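This report refers to the structure that appears directly beneath it.
The values are calculated or read from the model by the stated rules, or taken from the named source; none is laboratory data. Note that this is a predicted model, so its numbers are computed, not measured. Here the Cβ positions follow ideal geometry from the backbone for every residue, glycine too, while neighbour counts run over all protein chains shown.
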Amino acid sequence: MKLGIIGLPQSGKSTVFEALTGNVTGPAHGSEDRIATIRVPDKRIDTLSAIYRPQKTIYARLEYFLPTTTGRAGDKTGEHSPWMAARDCDALIHVIRNHAAAGFEPPSAYRDFLDLDQELILADLVVVEKRLERISLDRKRGKKTDAQEQELLSACRQNLENEIPLRRVPELASARKLRGFALLSARPMLVLFNNDDEDDQMPQIVHLTDTESCIVIRGKLEQELAQMAAEEAADFLSEFNISESAMDKVIRKSYELLGLISFFTVGEDEVRAWTIHKGTAAVDAAEAIHSDIKKGFIRAEVLAYNDLMEAGSYAAARKKGTVRLEGKTYAVQDGDIINFRFNV
């Protein structure tokens, strides 16, 4: 899964990217796209690895992408928006300045949110109108067109013209026929308020916090934290009363935003976390490991992580009856430990 980091100048996009990824490259941050794959921290994997002592321990991973920006983002709109580079991302993280910055006006978080959101809406409107114009031209030429696609695009245009981002219209944001257009305002969004070092409070903007998924980060502190050794970082967290690092917090919110969960496979050779969407059937979860497992699926032997912890061992859990066999349609739950039985 790939998440794009966007925001106006001086919002702290690069700082947030570096806090999340530990990837620091120097001052020329806007000169090229930056992307990093990070390990998803999960204490359950740590525990399972301590139990099984495998040759390899593999965590789930996420990608964070910081697109190139030049000049003021607000000066570039429509198809020329610098954020169009993030169109292939699964979700967006909108960083908003909520701290003082030299040479800039005092922060105005809601205004900044609206400014950039309007840019995303305009970029989508350009794409939608171009496609509708092409459909109209094809119909005049006697070519067959897709009536459902046209209806969906017309609904998109209506919402966008009314300044409604498509993520707030679930039936459009999730429409299969619209996926190829990679509409920016249809992407799930996490709003990240980048506060001063001493400020951990959410700004009182009910129009925003009631409609979007929002969290607060003290970007400069978190950037420093990402560069520290583990012991030093623990002391730092305690000193500044930070309950969890920005990386952990944003990853957790990223998972929630995308509707993701993890299931585990365990053994002496490997303990591994697999990322799937919530509600995924067992037979489709098997495909995350290998297509042959899905093809030859027989049963899924399932043990919930919490049941393993309560029993103390897999063998004890089996005796207690908490290890169970599930069929193809079983909806995999977050934290399930699964051994797939298959025959190809």
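Quick notes
- Ile251 being at pLDDT 90 or above and β-branched (Val, Ile, Thr): no
- In region 310-344, of all residues being aliphatic (A, V, I, L, M) and in contact with a strand residue (DSSP E or B) (Cβ under 9 Å, 6 or more places away or on another chain), the one that is farthest from Asp284 (Cα to Cα) corresponds to Ala311.
- Consider region 314-339 and keep the residues that are touching a residue at least 60 places away in the same chain (Cβ under 8 Å) and of a type outside the set (Asp, Glu). The one that is surrounded by the most Cβ atoms within 10 Å (Cβ to Cβ) is Val332.
- Scope region 301-344; condition more than 22 Å from Tyr255 (Cβ to Cβ), part of a strand (DSSP E or B) and of a type outside the set (Lys, Arg); matching residues: Glu301, Leu325, Glu326, Asn339, Phe340, Phe342
- Sole exception among (1) within 21 Å of Arg176 (Cβ to Cβ); (2) surrounded by 13 or more Cβ atoms within 10 Å (Cβ to Cβ); (3) not aromatic (Phe, Trp, Tyr) for Val126, by number: (1)
- Candidate set from region 1-44 (those that are part of a strand (DSSP E or B) and at pLDDT below 90); member that is surrounded by the fewest Cβ atoms within 10 Å (Cβ to Cβ): Arg39
- Gly103 vs. criteria closer than 20 Å to Lys13 by Cα and at pLDDT below 95: yes
- Region 263-276 residues that are in contact (Cβ under 8 Å) with a residue 60 or more places away in the chain and crowded, with 18+ Cβ neighbours inside 10 Å, paired with ones that are of a type in the set (D, E, K, R) and assigned to a loop (DSSP other than H, G, I, E, B) (beta carbon under 7 Å, 6 or more apart): Ala273/Asp42
- When Ile242 is tested against the conditions (1) under 30 Å from Arg341 (Cα atoms); (2) part of a loop (DSSP other than H, G, I, E, B); (3) among the aliphatic types (A, V, I, L, M), the lone failure is (1).
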